[in-house]
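For reference, the structure is listed below as structure tokens.
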Amino acid sequence: AGRGGCHTIRGAQIKELLQSKRNVLFDCDGVIWNGETAVTGAPEVVRLLKQQGKRVFFVTNNCTRPRENYVQKFSRLGFTDVAEEDIFSSAYCSAAYLRDVARVQGKVFVIGCYGVQKELLNAGVTMVEEDNDGPDVSIYDCPLDPDVKAVLVGYDEKFNFLKLAKACCYLRNSECLFLATDPDPWHPLRGGRVTPGSGSLTAALETASNRKATVIGKPGRFMFECIAGQFDLDPEQSLMVGDRLETDVLFGTNCGLSTMLTLTGVSTLKEAEEYKGSDSPEKKDSVPDYVVESITDFLEALEE
Ligand code: PLP
Ligand code: CA
């Protein structure tokens, strides 16, 4: 099947596709689990893929947990053979970028949750101390740290005006780096609710600073470079499976991987087909090569 063909495949075709690949990259939410519930059969799919000699990686834009906590989540949901080294989150990769690529000589001002802060700490990246600004601190007298050389923004349930104001001040210096963990606009929660994603907070900083953030997570290529650098991956030997067209599938296309949309998450087949006829190159690049209802469909292809 050709690139961006959007072909719905089953049993024997899935088997043939998997036989042609050495590496499988799974997005997490909407693919292998939904919140705290594993997608039916997903733990078995991962186990069988590994048993058949595939290298399996997890690529998530969710920056709320450090890698060590992801291992616990995998285990809690019945994935028994997933190691910390196989998990690449936007928080882990942001820390790797700051340490290995940007090599920031100074402090990072972080708007983000525990996952981001812990990964930066693990990577030895220096952050501005979590401030204890009282309720009366104003934008006129909140302290600014002269050593800040980068601003990193990600999902932050304690986001507030003062954080936005400080980031905005730091970003006035054109030499101050501006990074975002991921561009995700929103995420589904239980009961039909949604939560705003990192992308919505990044947009606030971008407007206030009149600058564009460098995005570390999907669809940016850095996450693949991070995995490829550690495990020597050949893109042509790799399949990216995701549920969101504009992050997961575009990421796969951007990195030269085969792409698969699974319909257990955010994007629909109808959207994928609409993108196929679009004039926008970005939308065209977000059309998957293959579509499955669920990765449960892999079972038929993997069981003898
Ligand atoms: N960021 C946050 C805060 C989330 O809650 C989620 C999904 O629940 C994601 C990102 C997306 O994660 P993934 O890339 O695994 O779909
Ligand atoms: Ca997802």
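The values are calculated or read from the model by the stated rules, or taken from the named source; none is laboratory data. In this text the structure is predicted, and so the values were computed from the model without any measurement. Cβ placement follows ideal geometry from the backbone for every residue including glycine, while neighbour counts extend to all protein chains displayed.
Only residues that are in contact with a strand residue (DSSP E or B) (Cβ under 9 Å, 6 or more places away or on another chain) and either within 16 Å of ligand 2 (Cβ to nearest atom) or among the aliphatic types (A, V, I, L, M) (or both) were counted across the range 199-221, and they come to 10. Answer yes or no as to whether residue 118 is farther than 22 Å from residue 69 by Cα and basic (Lys, Arg). Judged against the criteria, residue 118 is not a match. In the range 44-61, the residues that are modelled with pLDDT of 95 or more reach residues that are among the polar types (S, T, N, Q) and away from ligand 2 (no atom under 16 Å from the Cβ) with C-beta atoms within less than 7 angstrom, at least six apart or across chains, in these pairs: 54/23; 55/23; 57/23.
Being within 16 Å of ligand 2 (Cβ to nearest atom) and either acidic (Asp, Glu) or in contact with a strand residue (DSSP E or B) (Cβ under 7 Å, 6 or more places away or on another chain) (or both), is that true of even one residue in the range 92-99? Spell out how you get there, then give the answer.
Within the range 92-99, the first condition is being within 16 Å of ligand 2 (Cβ to nearest atom), and the residues that meet it are 93.
Keeping just the survivors that are either acidic (Asp, Glu) or in contact with a strand residue (DSSP E or B) (Cβ under 7 Å, 6 or more places away or on another chain) (or both) gives none.
The answer is no; no qualifying residue exists.
Please determine whether any residue of the range 119-138 is out of contact with any strand residue (DSSP E or B) (no Cβ under 7 Å at 6 or more places or on another chain), under 25 Å from residue 196 (Cα atoms) and buried (at least 16 other Cβ atoms within 10 Å of the Cβ). Yes; the residues of the range 119-138 include at least one that is out of contact with any strand residue (DSSP E or B) (no Cβ under 7 Å at 6 or more places or on another chain), under 25 Å from residue 196 (Cα atoms) and buried (at least 16 other Cβ atoms within 10 Å of the Cβ).
Residues that are acidic (Asp, Glu) and in contact with a helix residue (DSSP H, G or I) (Cβ under 9 Å, 6 or more places away or on another chain) were ranked within the range 263-284; the one that is farthest from residue 61 (Cα to Cα) is 274. Is there any pair with a first residue in the range 192-221 that is charged (D, E, K, R) and a second that is buried (at least 22 other Cβ atoms within 10 Å of the Cβ) and assigned to a loop (DSSP other than H, G, I, E, B) whose Cβ atoms are under 8 Å apart and which are 6 or more apart or on different chains, and what are they? Close Cβ pairs satisfying both conditions: 206/213; 211/171; 218/27; 218/61; 218/182; 221/255. In a residue-by-residue description of the range 257-264, the property of being surrounded by fewer than 22 Cβ atoms within 10 Å (Cβ to Cβ), modelled with pLDDT of 95 or more and within 14 Å of ligand 2 (Cβ to nearest atom) applies to at least one position.
Total residues in the range 46-89 satisfying the condition of being in contact with a Leu (Cβ under 6 Å, 6 or more places away or on another chain), over 21 Å from residue 114 (Cα atoms) and not aromatic (Phe, Trp, Tyr): the figure is 2.
Rundown of residues vs (1) on the phi > 0 side of the Ramachandran plot; (2) within 16 Å of ligand 1 (Cβ to nearest atom), yes/no style:
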residue: 5; (1), (2): no, no
residue: 30; (1), (2): yes, yes
residue: 36; (1), (2): no, yes
residue: 40; (1), (2): no, no
residue: 59; (1), (2): no, yes
residue: 76; (1), (2): no, yes
residue: 88; (1), (2): no, yes
residue: 92; (1), (2): no, yes
residue: 106; (1), (2): yes, no
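For the residues 29, 81, 100, 86, the requirement of being modelled with pLDDT under 95 and of a type in the set (D, E, K, R) singles out 81. Looking only at residues of the range 222-247 that are touching a residue at least 40 places away in the same chain (Cβ under 8 Å) and among the small types (Gly, Ala, Ser), we find that the one that is farthest from ligand 2 (Cβ to nearest atom) is 238.
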